[in-house]
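As structure tokens, the structure follows; a few thoughts come after it.
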Amino acid sequence: MMWKVTRSATSSLRQSRRWMSAAIPGPCIVHKRGADILHDPWFNKDTGFPLMERDRLGLRGLLPPRVISFEQQYARFMDSYVSLEKNTQGQPSDSVSLAKWRILNRLHDRNETLYYRVLIDNIKNLAPIIYTPTVGLVCQNYSGLYRRPRGMYFSAKDKGEMMSVIYNWPARQVDMIVLTDGSRILGLGDLGVQGIGIPVGKLDIYVAAAGINPQRILPVMLDVGTNNPKLLEDPLYLGLRQPRLEGDEYLAIVDEFIEAIHTRWPKAVVQFEDFQMKWAFETLERYRKRFCMFNDDIQGTAGVALAGLLAAVRAQRRPLTDFANQKIVVVGAGSAGLGVLKMASQAVSRMTESTASYSHFFLLDKDGLVTKERKGIDPAAAPFAKSHSEIEGLGLGEGSSLIEVVKKVKPHVLLGLSGVGGVFNEQVLKAMRDSDSTKPAIFAMSNPMANAECSAADAFKYAGENIVFASGSPFANVELDEEIESGILYPSIDSIRDITAEVGAAVLREAIAEEVAEGRGDVGPKELSHMSKEETVQYVRNNMWFPVYSPLVHEK
């Protein structure tokens with residue numbers, strides 16, 4: 001895909017202009033002077049320092065004399081990016097993706113303000129580079145790509161010292177922490193300390209998409225060892241060279257870290273990301289009622305998937321309440337698949353005002369259909385296991401294959417969170433043509449792209465054009481007959497900040513209703529409770545961080 005950008009980049013900057021009105025900064029106090037400022041990516045403006053600012057900060061002579069405007073800096077970087085795209089045409093896609101990641105990472109290391117502005121204005125094209133699918137490549141090669149630290153690293157060797165180590169982080173306030181132990185990175189498995197790329201990339205997305213202040217975020221790697229033999233033998237590997245801790249030893253490390261985090265920043269949100277299933281569920285239940293935390297693979301993926309499932313009902317021109325009657329086949333019994341099923345069952349319960357019902361859900365793992373006859377079934381999967389009486393009429397049994405289940409259940413929705421690339425093969429997709437839905441939904445949500453259950457092109461080719469499709473990776477567009485009404489399950493990422501403002505305002509209104517809203521600055525709970533829907537959206541928008549150069553004032 002070729003980059004589309006004007007040479008002056010004014011069109012991209014214009015997209016952000018209305019956000020700027022809510023983000024005009026006041027002076028920023030700095031305790032550095034001279035070269036120290038130029039080496040700090042948060043304060044550095046490169047050649048954008050005005051002459052008077054250069055004088056008061058001791059920068060005269062340390063920069064070329066010409067002052068370059070922000071717009072010119074922006075255009076200069078985008079020209080470099082476009083040149084990179086042209087010069088790498090025809091090269092292997094992985095090499096091109098890593099080259100793009102490197103040029104963005106160098107900008108991030110040098111000038112954070114410009115980096116986030118570039119990211120916000122070009123989020124649709126750059127999100128696949130700083131996160132899925134390129135982040136998978138970055139994590140696989142992180143030890144070789146490593147140039148400078150980003151985030152914090154806590155290891156099993158820090159046991160007993162985490163309360164003091166946490167104060168090595170320079171920020172006085174942290175609002176958002178993304179934490180991984182590297183045990184299940186995307187669909188790539190145990191990548192140990194190299195999994196730090198996930199928290200870094202995810203938080204960059206949060207800054208760009210949700211307006212979180214990048215000075216108040218913290219990516220964290222909790223290194224408890226690795227069971228990946230290739231990493232343990234790799235001379236460049238930067239993590240602990242020992243097998244992963246298990247059982248009480250493992251939990252003691254996580255307990256100490258969580259206590260340290262919430263001692264220093266009691267209101268920080270901690271997001272658990274890419275933990276293997278047994279620890280994903282264990283830690284969620286262990287901490288969710290004591291701390292402000294959530295597990296993205298269980299709850300975040302489930303929330304996004306449920307939104308898509310409900311949108312699929314609308315695409316079928318059915319009322320949302322018809323979701324309770326949708327037959328859903330979920331392939332993948334890990335934390336993400338079980339999280340989706342749990343949230344979907346909760347949605348059905350709310351719609352029908354009855355206890356949770358699992359009759360319309362069919363769960364498959366690597367051994368086929370999960371039934372109550374199976375021995376050693378995971379407790380988290382047990383509620384979704386089928387009894388003999390539920391499936392005997394369909395001619396299904398323990399371990400029935402995916403193709404058998406699709407042919408006999410005729411599901412309205414086929415949802416993949418298996419991490420097994422291509423499991424929705426030609427035969428499975430063709431079987432979806434006989435779905436009981438007039439517009440069946442196919443969700444291939446595993447990532448990176450190589451682990452997706454099917455591609456968008458194959459879904460429409462074999463299951464027919466009259467489907468709705470969603471994926472966890474950015475596949476190329478598929479050209480359909482103009483005669484087919486286009487249905488969009490998810491809004492375009494181009495409008496992500498507007499969407500975030502709407503979602504944030506809805507959360508705020510719910511917090512007000514539950515009397516847990518605290519307000520911000522001069523706006524307290526009382527003022528919040530009197531806001532209209534439009535006013536809450538504007539309130540959220542006004543509190544979103546936006547990257548513009550702040551005037552710098554030195555103070556000793």
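The values are calculated or read from the model by the stated rules, or taken from the named source; none is laboratory data. Nothing here was measured: the structure is a model prediction, and the numbers come from that model. A quick note on method: Cβ atoms are made from the backbone with ideal geometry, for glycine too, and the neighbour counts reach across all protein chains shown.
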Practice problem: Look at Val478 and say whether it is exposed (fewer than 12 other Cβ atoms within 10 Å of the Cβ), in a loop (DSSP other than H, G, I, E, B) and out of contact with any Lys or Arg (no Cβ under 7 Å at 6 or more places or on another chain). | Solution: no
Practice problem: Go over the candidates Gly151, Gly192 one by one and state the one that is touching a residue at least 24 places away in the same chain (Cβ under 8 Å) and surrounded by fewer than 22 Cβ atoms within 10 Å (Cβ to Cβ). | Solution: Gly151
Practice problem: Among the numbered conditions (1) among the polar types (S, T, N, Q); (2) surrounded by fewer than 18 Cβ atoms within 10 Å (Cβ to Cβ); (3) within 23 Å of Tyr146 (Cβ to Cβ), tell me where Ser97 comes up short. | Solution: (2)
Quiz item: Which one of the conditions (1) among the polar types (S, T, N, Q); (2) within 22 Å of Lys410 (Cα to Cα); (3) outside the structural domain of Leu306 (by TED's automatic domain parsing) does Ser455 fail to meet, given that it meets all the rest?
Solution: (3)
Exercise. Only one of these is closer than 28 Å to Leu186 by Cβ and surrounded by fewer than 24 Cβ atoms within 10 Å (Cβ to Cβ): Ala450, Ala444. Name it.
Key: Ala450
Quiz prompt | Complete set of residues in region 509-556 that are touching a residue at least 40 places away in the same chain (Cβ under 8 Å) and in a loop (DSSP other than H, G, I, E, B) | solution = Asn543, Met544, Trp545, Phe546, Pro547, Val548, Tyr549, Ser550, Pro551, Glu555, Lys556
Quiz item: Here are some residues: Leu245, Leu240, Leu236. Which one is at pLDDT below 95 and over 25 Å from the mean Cα position of the chain (by Cα)?
Solution: Leu236
Practice problem: Return the only residue of Leu417, Leu363 being over 30 Å from Thr134 (Cβ atoms) and of a type in the set (A, V, I, L, M). | Solution: Leu363
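For Asp204, state whether it is in contact with a helix residue (DSSP H, G or I) (Cβ under 8 Å, 6 or more places away or on another chain), within 16 Å of Lys159 (Cα to Cα), modelled with pLDDT of 95 or more and acidic (Asp, Glu).
Values: in contact with a helix residue (DSSP H, G or I) (Cβ under 8 Å, 6 or more places away or on another chain): yes; within 16 Å of Lys159 (Cα to Cα): no; modelled with pLDDT of 95 or more: yes; acidic (Asp, Glu): yes.
Against the criterion (in contact with a helix residue (DSSP H, G or I) (Cβ under 8 Å, 6 or more places away or on another chain), within 16 Å of Lys159 (Cα to Cα), modelled with pLDDT of 95 or more and acidic (Asp, Glu)), Asp204 does not qualify.
Considering only helices (runs of 4 or more DSSP H) fully contained in region 232-333, which possess at least 3 residues that are farther than 18 Å from Arg184 by Cβ, in contact with a Leu (Cβ under 7 Å, 6 or more places away or on another chain) and of a type outside the set (A, V, I, L, M, F, W, C)?
none
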Exercise. Taking Leu203 as meeting all but one of (1) under 16 Å from Trp279 (Cβ atoms); (2) assigned to a helix (DSSP H, G or I), write down the number of the exception.
Key: (1)
